[in-house]
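The values are calculated or read from the model by the stated rules, or taken from the named source; none is laboratory data. Since we're looking at a predicted model, the values are computed, not measured. Cβ placement follows ideal geometry from the backbone for every residue including glycine, while neighbour counts extend to all protein chains displayed. Areas reflect the complete protein model, heavy atoms only, side chains present, ligands, DNA and RNA absent. Shrake-Rupley method; radii C 1.70, N 1.55, O 1.52, S 1.80 Å.
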Amino acid sequence: MPEVVELRKVGKVYVNGPVSTPVLFDVDLSFDEGSFNSIIGASGSGKSTLLNIMGTLDRPTSGEVYVTGRRTDVMRKDEIASLRNRTIGFIFQFHYLLPEFTARENVLMPHWIGGEREVQAASAKADELLDVVGLAKVKDNLSSRMSGGQQQRTAIARALMNDPKVVLADEPTGNLDSDNTESLYKMFRNINERFGTTFVVITHDRRIAEKTDRIVGIKDGRISMDVRV
Amino acid sequence: MLPLKIALRFMRSSRAQTILVVIGISIGVSVQVFVGTLIGSLQQSLIERTIGNSPHVTVTSSLDDPVIMDSDTILAVVEDVDGLTARSVSADSPAFINEDGRTSSVLVRGWDLEAADQIYGILDNVRAGSAPSDDEVLVGIGLAEEQGIGPGDSVNLSVANGTRYAFTVAGVFDLGVSSIDDGWVITTLGSAQRMFSLGEGVTSVEFKVQDVFAADAVALEMSTLLESYPVQVDNWKDQNEQLLSGLQGQTISSLMIQVFVLAAVVIAIASVLAIKVVQKSKQIGILKAMGLTDGASSRVFLYEGLLLGLVGSVFGVVLGVSLLISFVTFATNPDGSPLIDLYLDYPFVIGSGVIAVLAAALAAVIPARKSSKLSPIEVIRNA
Ligand SMILES: Nc1ncnc2c1ncn2[C@@H]1O[C@H](COP(=O)(O)OP(=O)(O)OP(=O)(O)O)[C@@H](O)[C@H]1O
Ligand SMILES: [Mg+2]
């Protein structure tokens with residue numbers, strides 16, 4: 001199976017003035033297309049750093065990053081932006097919706113950023129996604145006027161809008177109660193199976209991790225465990 | 001399109017802030033329009049009053065003898081000078097009026113009335129009676145009152161050698177300039193030439209020009225053309241240097257006011273937008289994470305500056321013009337006529353608006369750069 005994301009000997013050192021903090025050490029890691037993966041590890045072990053580098057939001061200090069086979073750590077910023085727009089969906093612990101726009105407009109945002117073609121198809125797609133995440137009734141509310149769970153589900157619909165090859169989620173349920181957490185994972189699974197979207201999910205919750213196809217453990221910036229179910 | 005859409009949403013979501021900035025820009029632009037137009041109008045009416053009813057360029061003899069015998073040749077020589085709108089000859093000489101023992105010294109001016117009217121607008125300002133024919137005179141209103149004369153009366157004018165000539169008063173004029181209204185007696189060219197024994201001679205050739213501020217250039221061109229003739233060419237600008245430097249001072253202070261107002265507008269917009277970039281950094285970060293380019297995210301704020309400038313300018317122009325209209329309506333002389341005549345200079349008014357829009361866009365450049373430099377990872381890390 002082809003690899004959606006591949007890290008080769010990725011190292012990351014944060015430098016703040018005289019202080020430099022090495023966080024990742026020669027990480028080799030790749031994820032297969034259509035797979036459903038989790039990353040676990042102690043707080044401060046480097047999970048978010050790893051995910052942000054995979055998502056091209058951050059650049060590695062050393063090593064190479066490939067997304068859908070293209071090397072990204074040497075691309076121009078605009079090229080990366082366009083690649084991100086078309087192939088990667090992000091879900092963060094905090095939803096990061098734009099409060100000035102409605103739920104539906106937030107979902108459409110990645111499409112608008114990509115250049116507004118196929119307006120009707122996009123509109124239908126946004127409605128379908130909002131339906132999938134169970135927000136058909138509140139889709140025209142301003143995103144700031146929705147509950148936390150509704151906002152996070154809107155963010156999920158948004159992450160899926162441009163049919164990304166991979167969805168990178170950093171503790172997407174960190175702010176939600178267990179019922180909501182449960183239903184969100186069911187939704188991820190459902191989408192993974194329906195659209196073949198690759199998922200890489202950082203989680204603290206072992207029970208959730210155990211439901212995924214592959215668990216990658218990070219310890220002090222190195223891969224400490226890699227279990228495929 | 002998306003940056004514009006986002007800019008509009010940002011402006012709508014912080015409505016109070018947007019309205020305040022728009023009001024600020026409107027006030028700035030309206031002050032510019034008001035002050036600029038007022039000062040411009042004052043200057044225009046001052047110039048109008050100074051040279052509206054007088055020649056802009058005058059050719060006189062450069063010899064001791066003030067008589068120019070070949071005025072037709074002179075007119076032919078300068079025929080093709082650009083920008084001449086009126087030309088006339090005049091035969092002038094001092095004289096005395098003596099009625100009922102009251103003596104006034106006057107200037108008798110002999111004109112081809114139709115040609116001279118193009119320069120002096122005298123015929124529109126005849127208050128009583130009519131234009132003079134041969135052996136008739138038009139006298140200034142001040143003089144008429146002083147001498148107690150009016151249309152139909154006869155007056156005796158005596159020249160330096162004591163010879164007296166009898167004229168009939170055809171009418172009384174009022175140009176609103178006391179030195180003229182108190183001292184001029186206008187008659188036909190032929191009468192003046194006979195009275196002063198000038199033959200076919202005149203004492204000056206007078207011109208009006210299209211662009212009054214180019215009068216000195218026109219005069220220079222004429223004096224080059226007339227080099228071989230014993231004449232000198234004067235223009236109103238040389239004769240009114242003080243007025244001109246006063247006007248220039250006004251223009252500079254008007255410009256200063258406008259520059260400072262503009263600077264205040266620019267600073268206001270720049271600071272509001274700088275705050276806005278910080279307020280919206282979370283949104284910009286997440287938009288960039290979703291693939292919004294740096295260029296597009298800077299355009300959000302450029303558009304916002306442009307829109308604020310555009311709306312503010314439109315309101316500002318409307319407000320400024322309304323202020324001007326109410327000024328002429330309410331600031332009036334006792335007789336109800338406006339204190340000053342307004343000259344609405346449309347290029348100036350629209351220019352003020354356009355410059356404010358450009359300034360607003362300029363003010364948005366620094367915030368736009370900030371937005372462009374914002375890195376999504378910073379925003380996402382520092383939730
Ligand atoms: N900008 C930064 N400058 C310096 N050090 C940083 C910076 N960002 C992260 N770090 C450090 O890098 C290490 C890894 O951080 P990271 O956020 O990747 O951890 P994490 O595994 O996601 O932790 P958590 O589970 O708490 O989210 C931490 O020790 C953190 O202090
Ligand atoms: Mg983390």
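Suppose we filter B:D112, B:D65 for residues that are of a type outside the set (S, T, N, Q), over 30 Å from the mean Cα position of the chain (by Cα) and farther than 18 Å from B:D182 by Cα; which single one remains?
Criteria check complete, one pass: B:D65.
Considering the stretch A:8-43 alone, what residues qualify as being within 16 Å of ligand 2 (Cβ to nearest atom) and out of contact with any strand residue (DSSP E or B) (no Cβ under 9 Å at 6 or more places or on another chain)?
Scanning the stretch A:8-43 gives a single hit, A:S43.
With respect to A:D163, is the statement that it is more than 14 Å from every other protein chain (Cβ to nearest Cβ) and assigned to a loop (DSSP other than H, G, I, E, B) true?
Against the criterion (more than 14 Å from every other protein chain (Cβ to nearest Cβ) and assigned to a loop (DSSP other than H, G, I, E, B)), A:D163 does not qualify.
Among the residues of the stretch A:30-45, write down those that are within 16 Å of ligand 1 (Cβ to nearest atom) and open to solvent by 10 Å² or more (accessible area, probe 1.4 Å).
A:I40, A:G41, A:A42, A:S43, A:G44
Could you identify the single residue in A:A121, A:A126, A:A157, A:A103 that is under 21 Å from B:M290 (Cα atoms) and within 17 Å of the chain's Cα centre (by Cα)?
Sole residue among the options that is under 21 Å from B:M290 (Cα atoms) and within 17 Å of the chain's Cα centre (by Cα): A:A157.
Quick check on my filter: what residues within the stretch B:48-68 are open to solvent by less than 20 Å² (accessible area, probe 1.4 Å) and either within 30 Å of B:V321 (Cα to Cα) or in contact with a His (Cβ under 6 Å, 6 or more places away or on another chain) (or both)?
If the condition is that a residue be open to solvent by less than 20 Å² (accessible area, probe 1.4 Å) and either within 30 Å of B:V321 (Cα to Cα) or in contact with a His (Cβ under 6 Å, 6 or more places away or on another chain) (or both), then B:I51, B:G52 are the ones that fit.
State all residues of the stretch A:113-136 that are under 15 Å from B:M1 (Cβ atoms), crowded, with 19+ Cβ neighbours inside 10 Å and of a type outside the set (G, A, S); if no residue qualifies, say none.
Correct list: A:I113 only.
For the stretch A:54-75, which positions are part of a loop (DSSP other than H, G, I, E, B), of a type in the set (D, E, K, R) and touching a residue at least 40 places away in the same chain (Cβ under 8 Å)?
Answer for the stretch A:54-75, where residues must be part of a loop (DSSP other than H, G, I, E, B), of a type in the set (D, E, K, R) and touching a residue at least 40 places away in the same chain (Cβ under 8 Å): just A:D58.
Can A:L184 be described as touching a residue at least 12 places away in the same chain (Cβ under 8 Å) and more than 16 Å from ligand 2 (Cβ to nearest atom)?
Yes.
Cβ contacts < 8 Å: first residue open to solvent by less than 50 Å² (accessible area, probe 1.4 Å), restricted to the stretch A:1-17; second residue among the charged types (D, E, K, R) and within 13 Å of ligand 1 (Cβ to nearest atom), any location; separation 6+ or different chain. Result?
A:K12/A:D58
Give the residues of the stretch B:154-186 that are over 20 Å from B:I122 (Cα atoms) and either modelled with pLDDT of 90 or more or assigned to a loop (DSSP other than H, G, I, E, B) (or both), sorted by residue number.
Those that are over 20 Å from B:I122 (Cα atoms) and either modelled with pLDDT of 90 or more or assigned to a loop (DSSP other than H, G, I, E, B) (or both): B:V159, B:A160, B:N161, B:G162, B:T163.
Would it be correct to say that A:R228 is under 22 Å from A:Y66 (Cα atoms), open to solvent by 60 Å² or more (accessible area, probe 1.4 Å) and within 16 Å of ligand 1 (Cβ to nearest atom)?
no
If I filter the stretch A:99-117 for residues that are without any contact (Cβ under 8 Å) to a residue 60 or more places away in the chain, within 16 Å of ligand 2 (Cβ to nearest atom) and touching a Ser or Thr at 6+ places or on another chain (Cβ under 9 Å), do I get at least one hit?
no
Which one is nearest to the other protein chains (Cβ to nearest Cβ) among residues in the stretch A:65-88 that are charged (D, E, K, R) and open to solvent by less than 50 Å² (accessible area, probe 1.4 Å)?
Of everything passing the filter in the stretch A:65-88, A:R84 is nearest to the other protein chains (Cβ to nearest Cβ).
Within the stretch B:2-17, which residues are open to solvent by 50 Å² or more (accessible area, probe 1.4 Å) and either facing another protein chain (nearest Cβ under 8 Å) or without any contact (Cβ under 8 Å) to a residue 40 or more places away in the chain (or both)?
B:K5, B:R12, B:S13, B:R15, B:A16 - these are the residues of the stretch B:2-17 that are open to solvent by 50 Å² or more (accessible area, probe 1.4 Å) and either facing another protein chain (nearest Cβ under 8 Å) or without any contact (Cβ under 8 Å) to a residue 40 or more places away in the chain (or both).
Select from the stretch A:143-155 the residues that are assigned to a helix (DSSP H, G or I) and open to solvent by less than 30 Å² (accessible area, probe 1.4 Å) and list them in ascending order.
A:S143, A:G149, A:Q151, A:Q152, A:T154, A:A155
Please enumerate the residues belonging to the stretch A:204-222 that are within 16 Å of ligand 2 (Cβ to nearest atom), surrounded by 17 or more Cβ atoms within 10 Å (Cβ to Cβ) and modelled with pLDDT of 90 or more.
A:V216, A:G217, A:I218, A:G221
To keep it simple, each residue is scored yes or no on (1) closer than 18 Å to B:L20 by Cα; (2) open to solvent by 20 Å² or more (accessible area, probe 1.4 Å).
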{"residue": "B:A270", "(1), (2)": "yes, yes"}
{"residue": "B:K288", "(1), (2)": "no, no"}
{"residue": "B:F301", "(1), (2)": "yes, no"}
{"residue": "B:I340", "(1), (2)": "no, yes"}
{"residue": "B:P347", "(1), (2)": "no, yes"}
{"residue": "B:G351", "(1), (2)": "no, yes"}
{"residue": "B:L358", "(1), (2)": "no, yes"}
{"residue": "B:A364", "(1), (2)": "yes, no"}
{"residue": "B:R369", "(1), (2)": "no, yes"}
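Quick check, is A:L168 touching a helix residue (DSSP H, G or I) at 6+ places or on another chain (Cβ under 8 Å), at pLDDT 85 or above and within 16 Å of ligand 2 (Cβ to nearest atom)?
yes
Quick one: would you say B:A263 is more than 20 Å from the chain's Cα centre (by Cα), free of Cβ contacts under 8 Å to residues at least 40 places away in the same chain and surrounded by fewer than 21 Cβ atoms within 10 Å (Cβ to Cβ)?
yes
Is there any pair linking a residue in the stretch B:367-383 that is outside any helix (DSSP H, G or I) to one that is within 16 Å of ligand 2 (Cβ to nearest atom) and open to solvent by 30 Å² or more (accessible area, probe 1.4 Å), with Cβ under 8 Å and at least six apart or on different chains, and which?
B:A383/A:Q93; B:A383/A:F94
Within the stretch B:124-146, which residues are assigned to a helix (DSSP H, G or I) and buried (at least 16 other Cβ atoms within 10 Å of the Cβ)?
Scanning the stretch B:124-146 gives B:N125, B:I141, B:G142, B:L143, B:A144.
Quick check on my filter: what residues within the stretch A:86-142 are in a loop (DSSP other than H, G, I, E, B), farther than 15 Å from A:M161 by Cα and of a type in the set (D, E, K, R)?
A:E100, A:D140
Step by step: first the residues of the stretch A:187-224, then only those that are without any contact (Cβ under 8 Å) to a residue 60 or more places away in the chain and not in a helix (DSSP H, G or I), then the one that is nearest to ligand 1 (Cβ to nearest atom). Which residue is that?
Looking at residues that are without any contact (Cβ under 8 Å) to a residue 60 or more places away in the chain and not in a helix (DSSP H, G or I), I get A:D205.
Restricting to the stretch A:44-69, what's the tally of residues that are under 21 Å from A:T198 (Cα atoms) and either touching a helix residue (DSSP H, G or I) at 6+ places or on another chain (Cβ under 8 Å) or more than 16 Å from ligand 2 (Cβ to nearest atom) (or both)?
12
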